[in-house]
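Readers should treat all values here as calculations from the given coordinates under stated rules, not as data from a laboratory. As the structure is a prediction and not an experimental result, all values here were calculated from the model. Here the Cβ positions follow ideal geometry from the backbone for every residue, glycine too, while neighbour counts run over all protein chains shown.
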Amino acid sequence: MIRTVLQFLVLAVVLLLVQVVLSKVIFFNVAVPIVFIYVILRLPVNLHVNWVLTIAFLLGLSLDVFNNTPGMHALASVVMAAFRHSVFNAFVPREADMSNPLPSTDSLGVGVYLKYLSTLTVVYCLLIFFVQAFTLRDVTLTLLRVAASSVLSIAMMLGIDSLVTTRREKRL
């Protein structure tokens with residue numbers, strides 16, 4: 001238990017610092033990679049919702065402090081965390097069948113995990129970019145930013161997931 005908490009704490013700190021650097025990187029003036037939400041998406045399924053919302057708020061608030069954005073990331077993180085359990089249940093109807101309560105490509109399979117990851121990433125990106133724009137004047141540019149950032153973020157989080165998850169090999 002303590003080992004798992006320490007692993008999540010190290011992962012959260014590392015991804016938060018990486019996100020602070022990546023927040024300054026904008027590809028083609030449209031796509032911003034968002035990787036720190038991987039920590040929220042990776043939290044155990046059986047973790048109480050109050051803990052999930054608290055962790056999401058603290059991560060979002062930490063990023064807001066570093067980026068000087070007044071609560072935008074905290075808002076988007078908490079809303080995404082609130083939808084997390086419902087989205088998970090929509091794609092995985094029986095969570096009792098899971099041997100590992102951590103959502104990953106190993107525990108859910110690539111297809112189900114990709115649906116789970118992409119849905120919540122799009123929710124986060126929609127919130128963050130529409131709050132950032134705070135207008136409906138240029139909706140096409142905002143939607144382009146949402147789509148490009150979502151695709152880039154999903155690809156990066158799949159790469160992080162392949163690095164973080166431990167595959168148990170069957171030995172002969």
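Under the simplified labelling scheme, the residue 107-residue 50 pair shows an inter-label distance of 2.2 nm, with each label point 7 Å from Cα along Cα→Cβ. Basic side chains Lys and Arg get +1 at the Cβ, acidic Asp and Glu get -1 at the Cβ, and with that the dipole of the chain about its Cα centre reaches some 280 debye.
Farthest toward the positive end of the dipole of the chain, out of 51, 130, 155, is the Cα of 155, where the dipole comes from beta carbon charges about the Cα centre. Prolate is the label for the chain, because the ratio a/c of its alpha-carbon gyration tensor axes (a ≥ b ≥ c) is 1.5 or higher and a/b is greater than b/c. A Gaussian network model of the chain, with springs between Cα atoms under 10 Å, assigns the largest mean-square fluctuation among 13, 123, 52 to 13.
Once you put a point 7 Å from the Cα of residue 25 and another 7 Å from the Cα of residue 61, both along the Cβ direction, what distance in nm separates them? Going from the residue 25 label point to the residue 61 one covers 2.9 nm. The phi-based Karplus calculation (6.51 cos²θ - 1.76 cosθ + 1.60; θ = phi - 60°) puts the 3J(HN,Hα) values of segment 5-11 at 5, 5, 4, 5, 5, 5, 4 Hz, whole numbers, x for Gly and Pro.
Applying both filters, DSSP loop and at most 12 other Cβ atoms within 10 Å, to the trypsin sites (Lys or Arg not before Pro) of segment 38-108 gives 94.
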